[in-house]
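The values are calculated or read from the model by the stated rules, or taken from the named source; none is laboratory data. On a predicted model such as this, the values are computed, not experimentally measured, just so you know. Cβ coordinates were reconstructed from backbone atoms using ideal geometry, including for glycine residues, and neighbour counts include every protein chain displayed. Protein only, heavy atoms only, side chains kept; ligands, DNA and RNA dropped before computing areas. Shrake-Rupley method; radii C 1.70, N 1.55, O 1.52, S 1.80 Å.
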Amino acid sequence: MPDGNKYWLDRPENVARLYRGLWALGAALVLTDLVVHRHEDFGFAGWFGFHGVYGFVGIVVLVLAAKALRRAVMRAEDYYER
Amino acid sequence: MSADFPVALILIAGGLLLPLLPGRLRAAALLLLPVAAFAWLIALPHGEHARIEWLGQTLVLVRVDRLSLLFGYAFLIAAFLNAIFSLHVKDAAQHSAGLVYAGSALGAVFAGDLLTLFIYWELTAVSSVLLIWATRTERAYRAGMRYVIVQLASGMLLIAGTLLHLMQGGSLHFGQFRLDGAGSWLIFAGFGIKCSFPLLHNWLQDAYPEATATGMVVLSAFTTKLGIYALARGFAGAEILVWIGTVMTLFPIFYAVIENDLRRVLAYSVTNQLGFMVVGIGIGTELAVNGAVAHAFADILFKALLLMSMGAVLLRAGTVKGSELGGLYKSMPWTAGFCIVGAASISAFPLFSAFVTKSMIMAAVAVEGHAFIWLLLLFASAGVLEHAGIKIPYFAFFAHDSGIRCQEAPPNMLAAMALASLLCVGIGVFPAALYAVLPYPVDYVPYTAAHVLTQTQLLVFAVLGVFYLMRSGIYPPELNSVNLDFDWIYRRLGRDLAWTSAATVSRWLAGTGRAAESAAGGVITALRRHHGPDGALARTPPTGSMALWVMVLLLAYLLFYYL
């Protein structure tokens, strides 16, 4: 590679740092839930950390389901040209 | 000025004359025509203009109210952005088609009656397909042909529905319909095709990604948003739309995870975003309809921005396949930055546009007490973040370095992306400006501590979910592939059935005596006379001639009906 490791993101330890920082941000946001008073239209949405848990679990379920879908619908790139 | 002058003609006539102009003048006209039309819109008084009495019916060529004006503004801003973005393109036909297309969408939005709507509706179909064919490959030609047949079919449903509606004692006036007769159902289906309702959606993912680098940006702005406008005008409050819209937000997010072509990922994203708007229209309250059309406005801008960034990548790197890209932020840092602004806008991060528009729809769903729908839409919102918020910028600009080193996008493309970014952030930071032009008075406050907190929590943890899956190797890799969707029915099954039945019929014919054989021979001779190499019907491709003849027959029917 001509430009070597001069980019900050090229170093895996920096990516790991970013990833840990994001978890810290997530934790801080969940803790903020303790101080912010929320009026939710639905009772369950008012549970502590509801949106965080729903977002994380939702994404994992989505990606796993899409992986399963791939087994049913994926074909070779020239499928329609054959 | 005369308010009777149809504003659409500024773009349509300008577009038709554009190829006659020399280079620099053409570029100037391309930029100035949307500006001129915008100025015209601002000066237009509310009300019905250019009324024509025709065969006992009233045609209204220009109806100006808050709903039509909002879409008019959005379309003209999009046309202006498109003009800047495609300024480097030498192909005059693309510029011309783009302007005529924008003009006809504008005309449709201001049409006060169903016949005027139909004419502009068909014009958008015919002009937009040129942006797909402009790729000039066999693949794009075929995709364009499938696209235009579906679009013309949508127009056929609209005009057939209109005629039935008239026969059932209705008028040509384009207002609110009730879903109580065959006429209004046909019109509903015609609108549904443009809105890419489930099972009617696949023309979009099939054809848009085959358009040119600049063409797909143009396409994304008009056709589907015209569908949304028509639905908001004609079917606000139709309960069935809540369910249709929810399905639209859901199924594309699964396909988007596994799709390799990043522009096709965005095509799935179009259907997903339209789903939120359709739900809002179905709820039908002032808050919900405001949310739906505000989100349409925001979507035109952030979807254009995302597609512009992918168009720039296609131009410079020569591909938009996730499996072949990566690390482009080193070559195209500005494009990467603008793409991230688009990604944040569509994902509805605070300070970005969808945060202040999509949330109105969510709030309206909650106010009406639809807990299940609300949960599904929240799940779909996390899905938006996955495919449009992370996947698009990540696989194009970051991920594994593909080794591709190319130039940054041309200055005109960067300027268009910068302006679109500014508008996306502008709406997010100053929502009052957009709220002021919505159809109903706005009594909604997007920036509350609770809303900012819950939305950020949802998004940050969804990001964490994606990165967790990527780092643990569970996330599915980008693979060179196609995914079967509903288009398989007509691209594969339909074709195979046609071949099989043709073979069966010919075997059967061979088995029945000379009489049948000579009769069949007669048919074949007749077919050959019309469809053979020198036949009259063979001058355009057979599929094209079919659509053309259906249109001619229906127009003739329309004429005779009145006579």
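Using the structure shown, decide if residue B:445 is surrounded by fewer than 20 Cβ atoms within 10 Å (Cβ to Cβ) and in contact (Cβ under 8 Å) with a residue 60 or more places away in the chain. Don't jump to the end; show me each part of the working.
On the way: surrounded by fewer than 20 Cβ atoms within 10 Å (Cβ to Cβ): yes; in contact (Cβ under 8 Å) with a residue 60 or more places away in the chain: no.
No, not satisfied.
Is one or more of the residues making up the range B:344-359 more than 27 Å from residue B:443 (Cα to Cα), open to solvent by less than 20 Å² (accessible area, probe 1.4 Å), outside any helix (DSSP H, G or I) and in contact (Cβ under 8 Å) with a residue 12 or more places away in the chain?
no
Exactly one condition in (1) assigned to a strand (DSSP E or B); (2) touching a residue at least 24 places away in the same chain (Cβ under 8 Å); (3) in contact with a Leu (Cβ under 9 Å, 6 or more places away or on another chain); (4) open to solvent by 30 Å² or more (accessible area, probe 1.4 Å) is false for residue B:53; which is it?
(2)
For a quick check of your reading: which helices (runs of 4 or more DSSP H) sit entirely within the range B:123-232 and have at least 1 residues that are under 26 Å from residue B:61 (Cβ atoms) and open to solvent by 30 Å² or more (accessible area, probe 1.4 Å)? Explain how you work it out, then say what you get.
Numbers: elements: B:138-167, B:182-194, B:202-207.
It comes to B:138-167, B:182-194.
All but one of (1) in a loop (DSSP other than H, G, I, E, B); (2) within 25 Å of residue B:326 (Cβ to Cβ); (3) within 7 Å of another protein chain (Cβ to nearest Cβ) hold for residue A:6, so report the exception by its number.
For residue A:6, the exception is condition (3).
I'm checking my understanding of the structure. Among residues of the range B:448-464 that are open to solvent by less than 40 Å² (accessible area, probe 1.4 Å) and in contact (Cβ under 8 Å) with a residue 24 or more places away in the chain, which one is nearest to residue B:354 (Cα to Cα)?
Filtering first and then ranking leaves B:455.
Conditions (1) within 14 Å of chain A (Cβ to nearest Cβ); (2) out of contact with any strand residue (DSSP E or B) (no Cβ under 6 Å at 6 or more places or on another chain); (3) of a type outside the set (Ser, Thr, Tyr); (4) not in a helix (DSSP H, G or I), marked per residue:
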{"site": "B:242", "(1), (2), (3), (4)": "no, yes, yes, no"}
{"site": "B:248", "(1), (2), (3), (4)": "no, yes, yes, no"}
{"site": "B:257", "(1), (2), (3), (4)": "yes, yes, yes, no"}
{"site": "B:271", "(1), (2), (3), (4)": "no, yes, no, no"}
{"site": "B:277", "(1), (2), (3), (4)": "no, yes, yes, no"}
{"site": "B:294", "(1), (2), (3), (4)": "no, yes, yes, no"}
{"site": "B:302", "(1), (2), (3), (4)": "no, yes, yes, no"}
{"site": "B:308", "(1), (2), (3), (4)": "no, yes, yes, no"}
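Determine which single condition residue B:478 fails, assuming it passes every other condition in (1) open to solvent by 60 Å² or more (accessible area, probe 1.4 Å); (2) more than 7 Å from every other protein chain (Cβ to nearest Cβ); (3) of a type outside the set (Gly, Ala, Ser).
Exception for residue B:478: condition (1).
Among the candidates B:276, B:254, which residue alone is open to solvent by 10 Å² or more (accessible area, probe 1.4 Å) and either of a type in the set (Lys, Arg) or at pLDDT 95 or above (or both)?
Working: B:276 fails: open to solvent by 10 Å² or more (accessible area, probe 1.4 Å).
Checking each option against the conditions leaves just B:254.
From B:491, B:507, B:495, grab the single residue that is among the charged types (D, E, K, R) and at the interface with chain A (Cβ under 7 Å from one of its Cβ atoms).
None of the others qualify; the one that does is B:491.
Please specify each residue of the range B:1-50 satisfying the condition of being over 23 Å from residue B:218 (Cα atoms) and surrounded by 14 or more Cβ atoms within 10 Å (Cβ to Cβ).
Listed by number, the residues that qualify are B:3, B:5, B:44, B:48, B:49, B:50.
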